[in-house]
Amino acid sequence: MTTNCIQRTARMCVLSTFLALMAFSFLAFGSASAHALNRSSQVAQTATTSTATVSRIVTNKLGNTVFRPNAITVASGTPVKIVNKTAFDRFLVMNGGLFRLAAGASITITPTQSQQVSICGAAGKLTITVV
């Protein structure tokens, strides 16, 4: 009877460890959707037919990563170009998606409604107002 109790306890420990590893793997690797990361290439490949409004990602005097300018107003359908002027890759959050922007690279979006772009791990936010 004691052997059954020990075996049952050992099985529960193994099962609990397995489930914990599965949960950790899902959170670590499954939460960053590959679909969201692939959308960045679609956004970057959009053709610009008119002059784009440019906002740059820079490091300010305090060492914070910010947008310059941090607020812009554009007409609907006007391209907005975001240029990463820092020495590091940055992850941007916009429209519920996560986009990787390499150091020195740029991404062009064409907003049709007002939105906010955030830099992951930094206080920088870009407010795009569409009129």
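Only the coordinates and a few stated rules stand behind these numbers; no lab work does. Worth saying up front: this structure is predicted, and the values here are computed from it rather than measured. When we count neighbours, we look across all protein chains shown, and the Cβ atoms used for this are built from the backbone with ideal geometry, even at glycine.
Residues within the reach of a label modelled at Cys120 (point 7 angstrom out along Cα to beta-carbon, backbone nitrogen below 16 Å), restricted to segment 55-93, are 88-93.
In a DSSP loop and with at most 16 other Cβ atoms within 10 Å, the trypsin sites (Lys or Arg not before Pro) in segment 47-95 are Lys61, Lys85. Taking 16 Å as the cut-off, the amide N atoms of segment 100-131 that come nearer than this to a point 7 Å along the Cα-to-beta-carbon line of Phe88 belong to 100-105, 119-125.
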